[in-house]
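K.L.:
Take this structure first; my questions come after.
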Amino acid sequence: MKLIDTKDAVGHVLCHDITQIIPGRSKGPVFKKGHIVTKEDIPVLLSVGKEHLYVWEKTEGMLHEDEAAYMLKEMCMGESETMSAGEPSEGKIEIRAAVDGLLKIDRDKLVKVNSLGEMMIATVHGDYPVKAGDKLAGTRIIPLVIEEEKMMRAKKLCGEEPILKILPFKHVRYGLVTTGNEVFSGRIQDAFGPSIKAKLGAYDTEFMGQVILPDDREGITKAIESFVAEGADMVLVSGGMSVDPDDKTPGAIKDTGADIISYGAPVLPGAMFLLSYLKRGEGEVPVLGLPGCIMYAKRTVFDLVLPRVLSGERLTREDLAAYGEGGLCLNCETCHFPNCGFGK
């Protein structure tokens, strides 16, 4: 690559896109990389402020921005069929989701690559659901050319596993156990069922049924075990999640023998959330204790955890603890979730 005066560029091959910006109207390449400059192009190039041009002149050990962008794209997605990528445009490559699922990001690798300098990968937030076609990331190098050795260092940092993964959502059959003397007796109408079914309806799920019980610890335990025996992939238990002595749900879940990951989460609404896993054969069934806020709040801890559970991810106590930063929902009059800071 060499730098020449634009007036002397006729017949030379451009080694990068030339961008034209028309305020309020458009921004994009007026000439693409590889374009052979003609006499008629000179006034256009000068009009976009290009009095000098870089034209292609291959140098050993140096990579063009497009070649480097391809390498960054491979670091991000590898050979994954759950993502797709476009061709370079102005040195940038965009990566999009090819399936619905949960986006996972290796944050350690992402920081290491971006810390090398002269290259960048920008992504959306991980641990959130994405739909086919959603934009996930963009890659480019900062200069027009970069040392091949530096790109190979970045590649070595990433290893064999890509920075981005999409865990496709599974088909999940779920049962709902609703507790509370006031609901069981009919003194108040159940509000958990409609709310939960509406949220689960956005995913590939199958509702097995709902059991409404009084605050009876043994009865709740048996209802959970019954759903698991019938083949439920997930059991949700709503109501009775506070520390009131009359609330039996946490103890009933424990009595099933489930591995209690956490009773409590640093999220508002949803601090009284319980996450556990009950063994069944060689696998496990997530059993979630849902606090009362699920009935009335637009977004809660359930919205943060649900897509991760439906992707088959096994959450840890540390995963829940990490929600402390960003775990305060601001209850905006117009909810923009997930395009907001909740859970991020």
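K.L.:
Count the net charge of all other residues whose Cβ sits under 10 Å from the Cβ of Arg308, scoring Lys and Arg as +1 and Asp and Glu as -1.
P.N.:
-1
K.L.:
Going by average Cβ density within 10 Å per residue, which order do the peptides 18-26, 303-311 take, highest to lowest?
P.N.:
Listed from highest to lowest mean packing, they are 303-311, 18-26.
K.L.:
Follow-up question, since we're still on this one. Using a Förster radius of 25 Å, what is the FRET efficiency between Thr59 and Asn114 based on their Cβ-Cβ separation? Nearest 0.05, please.
P.N.:
Efficiency at R0 = 25 Å is approximately 0.50.
K.L.:
Related question: Count charges around Pro286 for me, please; just the other residues with Cβ under 14 Å from its Cβ, Lys/Arg as +1, Asp/Glu as -1.
P.N.:
Net charge around Pro286: +1.
K.L.:
Determine the distance separating the Cα centre of the range 47-96 from the Cα centre of the range 287-310; give it in Å without decimals.
P.N.:
What the calculation gives is 41 Å, centre to centre.
K.L.:
Would you mind checking which residues have amide H under 5 Å from Gly91's amide H? H placed 1.01 Å from N; only 5 or more apart, or other chain.
P.N.:
Asp17
K.L.:
Using the per-residue mean of other Cβ atoms lying within 10 Å as a proxy for protection, in what order, highest first, do the peptides 213-223, 150-160 fall?
P.N.:
213-223, 150-160
K.L.:
For Glu318, what is the net charge nearby, where nearby means another residue's Cβ is under 14 Å from its Cβ and Lys, Arg count +1, Asp, Glu -1?
P.N.:
Value of the local net charge: 0.
K.L.:
Taking 26 Å as the cut-off for C-alpha to C-alpha distance, list the pairs among Lys73/Lys112; Lys170/Lys248; Lys104/Lys199; Lys32/Lys73; Lys104/Lys222 that go past it.
P.N.:
Lys170/Lys248; Lys104/Lys222
K.L.:
Which value in deg cm²/dmol, rounded to the nearest 500, describes the helix-derived mean residue ellipticity at 222 nm for the chain, given -39,500 (n - 2.57) per DSSP H run of n ≥ 4 and division by the residue count?
P.N.:
-7000 deg cm²/dmol
K.L.:
What does the accessible area per residue of the chain come to in Å², with a 1.4 Å probe and no ligands, DNA or RNA counted?
P.N.:
About 50 Å² of surface per residue is accessible.
K.L.:
Need the list of aspartates and glutamates near Lys131 for cross-linking: C-alpha distance under 18 angstrom, and skip anything on the same chain fewer than eight residues off.
P.N.:
Of all the aspartates and glutamates, those that pass the test against Lys131 - Cα under 18 Å, at least 8 places apart if same chain - are Glu81, Glu94, Asp100, Asp204, Asp303, Glu313.
K.L.:
At a 1.4 Å probe, what is the % contribution of carbon and sulfur to the accessible area of the range 1-134?
P.N.:
On the range 1-134, the fraction of accessible area on carbon and sulfur atoms equals 54 percent.
K.L.:
Right, here's the next one. Antiparallel DSSP bridges in the chain: what percent, to the nearest 5?
P.N.:
Around 70 percent of the beta bridges assigned by DSSP in the chain are antiparallel ones.
K.L.:
Return the subset of Lys2/Lys39; Lys92/Lys150; Lys27/Lys150; Lys92/Lys155; Lys254/Lys279; Lys50/Lys135 for which the Cα-Cα distance in this structure is over 21 Å, preserving the input order.
P.N.:
Among Lys2/Lys39; Lys92/Lys150; Lys27/Lys150; Lys92/Lys155; Lys254/Lys279; Lys50/Lys135, the Cα-Cα distance tops 21 Å for Lys27/Lys150; Lys50/Lys135.
K.L.:
Taking the Cα-to-Cβ direction at Leu3 and at Asp259 and moving 7 Å from each Cα, how far apart do the two end points lie in nm?
P.N.:
According to this spin-label approximation, the distance is 6.0 nm.
K.L.:
Provide the percentage of antiparallel DSSP beta bridges, counting only those with both residues in the range 152-306; round to the nearest 5.
P.N.:
Beta bridges within the range 152-306, antiparallel portion: roughly 40 percent.
K.L.:
Can you give the FRET efficiency to the nearest 0.05 for Lys222 and Lys150, using r as the Cβ-Cβ distance and R₀ = 45 Å?
P.N.:
0.15
The values are calculated or read from the model by the stated rules, or taken from the named source; none is laboratory data. Just so you know, these numbers come straight off a predicted model, no measurement behind them. Quick reminder, even Gly has a Cβ in these numbers, built from the backbone with ideal geometry, and neighbours come from all protein chains shown. In case anyone asks, the SASA skips ligands and DNA or RNA and just uses the protein heavy atoms, side chains included. Shrake-Rupley method; radii C 1.70, N 1.55, O 1.52, S 1.80 Å.
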